[in-house]
Amino acid sequence: MLFAVAAPSGTGKTSIVKEILSQNQDLVFSVSATTRIKRENEIDGKDYFFISEDDFKQKIKNGEFIEYEVVFGNDYYGTLKSVVDGFIKNKTNVIFDLDVNGAISLKNYYKDFIVLIFITPPDKECVINRLRNRGTETDEQINRRLARFELEMSKINEFDYIVLNDNLIDAVKHVNELIVKFKNKESKI
């Protein structure tokens, strides 16, 4: 099965996905490609495939992405077909950490063989505080992320499950219960 976890920036989805991966040895992380600048603690090929904008655009022309999007003004993000096809060929359970539109695109592509999980924050103020406290973006970058907040929240009803992250331990537990419920389901991908 495929599991796509999505949320507005600053909601804690990456923290949840990392914890889920530590608890599920039979679950693999699908690494997305991006043109975004690598953060200090990130590893190429593990957190993202960091590629140039020219390379990304060439992959778009070649039809190498299942989905892609320009996010936050000028950064490209996308899911490479070759990566997911490899997982499917090996019958591997996969988790995706995606933006909201990317998750919906995967659902359109894989239909009933993917579970979409939306992580929602308690409120917008919580997101603002999380973005500022993580110290990885400028005020301009934070404002761009916040500008997408309402758009992303408006798509919540397109997801299969909604998990409130007002407590990280509880949110991880809820997401993990969903994954355990579905990961052994027989698929026809």
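Since every read-out is calculated from the coordinates, none of them should be taken as a lab result. All values reported here derive from a predicted model rather than from experimental measurement.
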With an 8 Å cut-off on Cα pairs and a minimum separation of 6 or more residues, tell me the relative contact order of the range 2-182 in percent. 33 percent
Where only alpha carbons of the range 17-64 are counted, the Rg and the Dmax (Å): 13.2, 38
Total lysine pairs whose alpha carbons fall under 19 Å of each other in the range 1-113 (8 or more apart, or interchain): 19
Rounded to the nearest Å, the spacing of the alpha-carbon centers of the range 117-189 and the range 1-59 is 14 Å
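Give me the Kirkwood hydrodynamic radius of the range 2-182 in Å, from all C-alpha pairs, to one decimal place?
Values: mean 1/r = 0.0600 Å⁻¹.
Taking every pair of different Cα atoms in the range 2-182, averaging 1/r and inverting gives 16.7 Å.
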If the cut-off is a Cα-Cα distance under 19 Å, which aspartates and glutamates reach K124, setting aside same-chain residues fewer than 8 apart in sequence? D99, E137, D139, E140, E150, E152, D166
